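The values are calculated or read from the model by the stated rules, or taken from the named source; none is laboratory data. Predicted model, so just to flag it, every value in this text is computed and none were measured. Every residue, glycine as well, gets a Cβ built from its backbone with ideal geometry; the counts of neighbours run over all protein chains shown.
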Amino acid sequence: MAQEMGEELGPSEILQRCLQNEKIKMSNTKKTLRLVLGDQLNSQHSWYQKVDANTTYLLMEIRSETDYALHHVQKVLGFFAAMRTFAEHLQTQGHQVIYIKLNDAHNLQSFNKNCEALIAQHGFTHFEYQLPDEYRLDELLKIFTGQLNITHTVYDTEHFYSERTELKDLFAGKKLLLMETFYRHMRKKHRVLIEGDNQPLHGQWNFDADNRQKLPKAHQPIAPLLFDNDLSAIENELKIAGIKTIGHVKSEHFLWPVDRQQSLLLLDFFCNNCLSLFGTFQDAMAPHQWSLYHSRLSFAMNTKLISPKEVVDKAIAAYAQNPDGIAYHQLEGFVRQIIGWREYMRGIYWLKMPNYASLNFFEHTAELPQWYWTGNTKMNCMKDAIRQSLDYAYAHHIQRLMVTGNFALLAGVHPDAVDAWYLGIYIDAIEWVELPNTRGMSQFADGGIVGTKPYVSSATYINKMSGYCTGCYYDKAKKTGEKACPFNSLYWNFYDQHESKLAKNPRIGMMYNVWHRMAPADKTALLEQAEYYLKNINEL
Ligand code: FAD
Ligand code: SF4
């Protein structure tokens, strides 16, 4: 303005004016800090579609995350490796990235403290984050942003098929939250395996009856695709930091996918080699066969390296290209797990939290047997499922549900202890999916929100679906006496203990008819056997 009026300025005054203008310009520039959580590694997110010099992405390895549960070492390694490769990927795309490593001197070891320090240090004027999938972090970030003296924006993760509240809205006013109803809604809404006017492809919604066979004796399942990631440097950093973990790295190198490319390779491998038998052997268990025809995609999906839609679309495309090699029931069985169970569990979590995390319908109080941490038990099924969990940070669904979960429920273990174990030991364990599966489906601690009856069984089911009983120290056929399979007496003991809570359940009534018709002496012997096993549970 002064210049416009013909004012003469010297060089130092011109410099002064320039600096002033620059300052005004800078104070008008929005400088954004975007927080990326360890399970938000979605490179396809709209955030990353354009590079902006005024936007900085922040990823951090912090003690609050390594220490909130006793995690399997492979889980911590997997998350940190995936976060590091993701940060590198963003940098190569031209994005500004701040990555705080676990042992960095300036790491304040908490989301809030690190964000606050960076906002002050770099003069960020705006803060952004994506909706966390965990209630704990959702609350933390709500409180944090509520106290910030800069503006903030929250984004969707653009990962799931459904909204957080979709299940709640679908079942508004209804008592039963049936997965099957939700699954059909999702199929119709997203036109997945649908033809014509919202009709299921091939005339049926559910092909479960064609699935779920035992593995034939001579059958040799396909060897799994394993990656060869050298994570020894991160492993060393965990040691230096003194992070307590369980399990070990089975082979010299880390076998889980740690980036998007490896995740897509695993998806290809599954579609080309496993999908054709996925449904058939979905519930099968075999000693020393840790992955059978399962996809092992849960870690890649739960960290959002790949999306459920990519997985479903790829599986459908594989079926379309090879309908003679992949029967439709195999595909439907797989799609149901992802569009159905995975999204359903998320909906239950957001509908029922935070109360869900403390439900204990049966009022169970027992401790988890010590051998859950070592696999040192004479029970073949438990030994195999636990040892492979320690070796690979993985067990497939039926091992989790009908072996380790089944036993914990029959043994009356407190759901908090069961949750802590599942949350720690599996590479894919994040609370939003672990909790409804463990406390709900497996332990029935929600009194029947997720499942219509408790998933318990005697040795009969385990023997039907596995090869574990052959060669076990215990006798699957014996209910009482020496070497009687513990599942048998614990099973009847469970029903006896909880009759007041279960007898009216229409899906269970038949079991009570059998129990009531049993000779009193046989019932007493079963209950005494169970009592003996429960008293000596660490010796089993
Ligand atoms: P596949 O058998 O190949 O199935 C394909 C995909 O379907 C999985 O990757 C998964 O994303 C999805 N899926 C299948 N069943 C379920 C289910 N019940 N709930 C949600 N998604 C499902 N899954 C987790 O991702 N994290 C957990 O912490 C977890 N904890 C569990 C605890 C218990 C007690 C039980 C019974 C199940 C748990 N599950 C959990 C569900 C299921 O066991 C795993 O998703 C599955 O074993 C992962 O292996 P996969 O990728 O080879 O699955
Ligand atoms: Fe498990 Fe019992 Fe079979 Fe042994 S006999 S493998 S303990 S079910």
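General observations
- Here ASP475 does not qualify as over 30 Å from ALA82 (Cβ atoms), among the acidic types (Asp, Glu) and within 16 Å of ligand 1 (Cβ to nearest atom).
- Spans of helices (runs of 4 or more DSSP H) in segment 89-179 with at least 3 residues hydroxyl-bearing (Ser, Thr, Tyr) and under 21 Å from the mean Cα position of the chain (by Cα): none
- Filter result (farther than 17 Å from PRO369 by Cβ, among the aliphatic types (A, V, I, L, M) and surrounded by fewer than 23 Cβ atoms within 10 Å (Cβ to Cβ)) within segment 388-401: LEU401
- No other residue among ASN463, ASN513, ASN536 is without any contact (Cβ under 8 Å) to a residue 60 or more places away in the chain, closer than 20 Å to GLN399 by Cα and not charged (D, E, K, R) apart from ASN463.
- Once segment 159-169 is narrowed to residues that are of a type outside the set (Ser, Thr, Tyr) and crowded, with 16+ Cβ neighbours inside 10 Å, the residue that is farthest from LEU118 (Cα to Cα) is LEU167.
- Segment 466-510, subset in contact (Cβ under 8 Å) with a residue 24 or more places away in the chain, in contact with a helix residue (DSSP H, G or I) (Cβ under 7 Å, 6 or more places away or on another chain) and among the charged types (D, E, K, R), residue nearest to ligand 2 (Cβ to nearest atom): LYS479
Matching residues to (1) in contact with a Gly (Cβ under 6 Å, 6 or more places away or on another chain); (2) outside the structural domain of LEU225 (by TED's automatic domain parsing); (3) under 17 Å from PHE182 (Cβ atoms); (4) surrounded by fewer than 23 Cβ atoms within 10 Å (Cβ to Cβ):
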| position | (1), (2), (3), (4) |
| --- | --- |
| PHE269 | no, no, no, yes |
| MET285 | no, no, no, no |
| GLN289 | no, no, no, yes |
| GLN330 | yes, no, no, no |
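- Hits in segment 422-431 (condition: among the hydrophobic types (A, V, I, L, M, F, W, C) and either surrounded by 23 or more Cβ atoms within 10 Å (Cβ to Cβ) or within 16 Å of ligand 2 (Cβ to nearest atom) (or both)): ILE425, ILE427, ALA429
- Evaluation of LEU490 against (1) more than 26 Å from THR374 (Cα to Cα); (2) hydrophobic (A, V, I, L, M, F, W, C); (3) touching a Ser or Thr at 6+ places or on another chain (Cβ under 9 Å) (one fails), failing number: (1)
- If you go through segment 464-486 and keep only what is surrounded by 23 or more Cβ atoms within 10 Å (Cβ to Cβ) and touching a Leu at 6+ places or on another chain (Cβ under 7 Å), you end up with just PRO486.
- Yes/no for GLN91 being free of Cβ contacts under 8 Å to residues at least 12 places away in the same chain, surrounded by fewer than 19 Cβ atoms within 10 Å (Cβ to Cβ) and closer than 12 Å to TYR57 by Cα: yes
- Test result for SER457, of a type in the set (Ser, Thr, Tyr), outside the structural domain of PHE171 (by TED's automatic domain parsing), away from ligand 2 (no atom under 12 Å from the Cβ) and within 30 Å of the chain's Cα centre (by Cα): no
- Some residue of segment 432-447 being outside the structural domain of ARG296 (by TED's automatic domain parsing) and more than 14 Å from ligand 1 (Cβ to nearest atom): yes
- The residues of segment 451-465 that are within 11 Å of ligand 1 (Cβ to nearest atom) and modelled with pLDDT of 95 or more amount to a single one, TYR455.
- The C-beta contact set for segment 311-331 (first residue within 18 Å of GLN204 (Cα to Cα), second residue away from ligand 1 (no atom under 16 Å from the Cβ), distance under 6 angstrom, 6+ apart or interchain) comprises TYR328/HIS202; HIS329/ASP210.
- In segment 207-239, the residues that are in a helix (DSSP H, G or I) and within 30 Å of LYS101 (Cβ to Cβ): SER232, ALA233, ILE234, GLU235, ASN236, GLU237, LEU238, LYS239
- Odd one out for ALA366, checked against (1) touching a residue at least 60 places away in the same chain (Cβ under 8 Å); (2) in contact with a strand residue (DSSP E or B) (Cβ under 8 Å, 6 or more places away or on another chain); (3) surrounded by 20 or more Cβ atoms within 10 Å (Cβ to Cβ): (3)
- Scanning segment 420-441 finds no residues that are modelled with pLDDT of 95 or more, charged (D, E, K, R), more than 18 Å from the chain's Cα centre (by Cα) and more than 16 Å from GLN399 (Cα to Cα).
- Test set (1) surrounded by 15 or more Cβ atoms within 10 Å (Cβ to Cβ); (2) within 19 Å of HIS72 (Cα to Cα) - ARG184 fails condition number: (2)
- Qualifying residue in segment 466-481 (condition: assigned to a helix (DSSP H, G or I) and either within 31 Å of the chain's Cα centre (by Cα) or at pLDDT below 95 (or both)): no
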